[in-house]
Amino acid sequence: MVPTWMLIADDDPNDRFLIGKIIKEGDVDQELVFASDGYDVFKALHRDPPYESRPYGPPAVIILDHQMPGLSGLEILRRIRSDPESALIPVVMHSGQMRAHEIREAYRLGANAYVEKPVNYEGLRRIFKELGIFWGQVNVVSV
Amino acid sequence: MNPNHHIVIAEDNEDDVFILQRALQKAGIPNPTHICNDGEEVINYLKAVGPYADRQNYPFPRMLILDLKMPRLSGFDVLRWLRGNPDCSVIPTMVLTSSREPKDVQEAYRLGVNAYLVKPPTFEELQSMLMCVSSFWTCCEVPELPLKC
């Protein structure tokens with residue numbers, strides 16, 4: 001079974017819109033579901049309101065902003081990995097401010113990949129289009 | 001991932017090695033690759049044992065691509081070993097296998113694999129898959145790694 005949705009978590013509404021638009025340009029079949037903070041991530045994963053209508057099953061990937069208010073990206077990742085229901089879901093982290101020790105910590109905590117979030121549209125397009133194709137069409141997930 | 005970074009590929013089947021190398025070449029993947037024939041050789045490479053002590057000729061890899069079913073030590077054994085070696089467990093590692101068995105996919109993720117790829121039936125599809133792999137992972141940041149595990 002191929003997952004039918006992807007979860008995009010980013011506190012910046014412009015970035016959520018752009019990342020979603022770019023991923024759709026890559027012809028991925030998955031429905032895109034958005035979260036604006038860590039609490040929304042877990043509501044979406046548990047199919048709690050307002051996410052009751054999201055597709056069933058695990059997402060193909062969680063695209064997770066490293067810097068968000070409230071729960072940080074690393075804390076969200078830690079909680080995802082410690083819950084048996086979500087432990088095996090691929091998580092790709094992204095950040096506009098790359099710090100070597102944070103990249104290492106993300107991989108150590110079980111991030112499947114880590115990408116820079118460029119500030120310009122062309123940079124965003126280059127990275128998130130490839131990201132959507134790889135995790136939406138090429139990678140196989142545990143369901 | 002920097003195009004100069006080395007990739008270690010573990011594959012025991014000679015025909016598959018030939019096809020994989022051709023597909024990598026056709027896909028235009030710039031990274032230097034080294035083929036290991038089983039999981040034990042991968043671990044020796046990472047530990048810089050024997051000929052792999054020469055890091056000029058055998059640089060520490062920035063990515064591993066593992067077949068699952070191999071003699072001596074399997075891809076699962078390598079993943080298990082990586083988990084026990086924290087310095088090395090952050091190397092981006094992908095499985096490339098013909099198995100789509102849910103239990104294999106689940107076990108690979110449970111052992112910390114970064115991505116799971118199923119070998120496609122045709123050379124063209126393999127080439128296309130490898131281009132997607134390269135395009136995405138070239139965009140990725142990887143942590144600084146030691147010279148050996």
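Just so you know, all these numbers are worked out from the coordinates, no wet-lab data involved. This one's a predicted model, so the numbers in the text were calculated from it and none came from an experiment. Backbone-built Cβ (ideal geometry, glycine too); neighbour counts: all protein chains shown.
Of note:
- Amide H contacts of A:VAL61 (H built 1.01 Å from N, in plane; Pro and chain starts excluded): A:LEU7 sit under 5 Å, all sequence-distant by 5 or more or on other chains.
- When only the Cβ of Lys, Arg, Asp and Glu is charged (+1, +1, -1, -1), the dipole of the range B:1-57 relative to its Cα centre reaches about 420 debye.
- Per-residue ³J(HN,Hα) for the range A:47-57, Karplus 6.51 cos²θ - 1.76 cosθ + 1.60, θ = phi - 60°, Hz, x for Gly and Pro: 6, 7, x, x, 10, 4, 9, 5, x, 6, x
- Distances between placed amide hydrogens fall under 5 Å for B:HIS34 paired with B:ILE7, B:VAL8, B:ILE9, all partners being 5 or more residues away or on another chain.
- In this rough spin-label picture, where each label sits 7 Å from Cα along the Cβ direction, the A:GLU52-B:ASN57 distance is 6.7 nm.
- Relative contact order of the range B:7-138, defined on C-alpha pairs under 8 angstrom at six or more residues apart (%): 26
- Amide H within-cut-off set for A:VAL115, under 5 Å, with H built and near neighbours excluded: A:MET93, A:HIS94, A:SER95, B:GLU141
- 27 Å tail of the calculated P(r), the range B:7-138, as % of Cα pairs: 13
- Put simply, the Cα atoms of the protein assembly as shown extend 56, 39, 37 Å along their principal axes, the longest span coming first.
- Sites B:ASN85 and B:ASN13 - FRET efficiency at Förster radius 25 Å, r taken between beta-carbons, to 0.05: 0.40
- Computed on the range A:12-111, with alpha-carbon pairs under 8 angstrom and 6+ residues apart, the relative contact order is 23 percent.
- Computed on the Cα atoms alone, the convex hull of chain A gives a volume of 100 cubic angstrom per residue.
- Global geometry of the range A:78-137, whether rounded, prolate or oblate, following the gyration tensor of its Cα atoms and the 1.5 cut on a/c: oblate
- Other protein chain Cβ atoms within 10 Å, averaged over every residue that makes up A:105-114: 5
- Karplus-derived 3J(HN,Hα) values for the range A:67-84, using 6.51 cos²θ - 1.76 cosθ + 1.60 with θ = phi - 60°, are 9, 9, x, x, 6, 6, x, 5, 5, 4, 4, 4, 5, 4, 6, 8, 9, x Hz; glycine and proline are entered as x.
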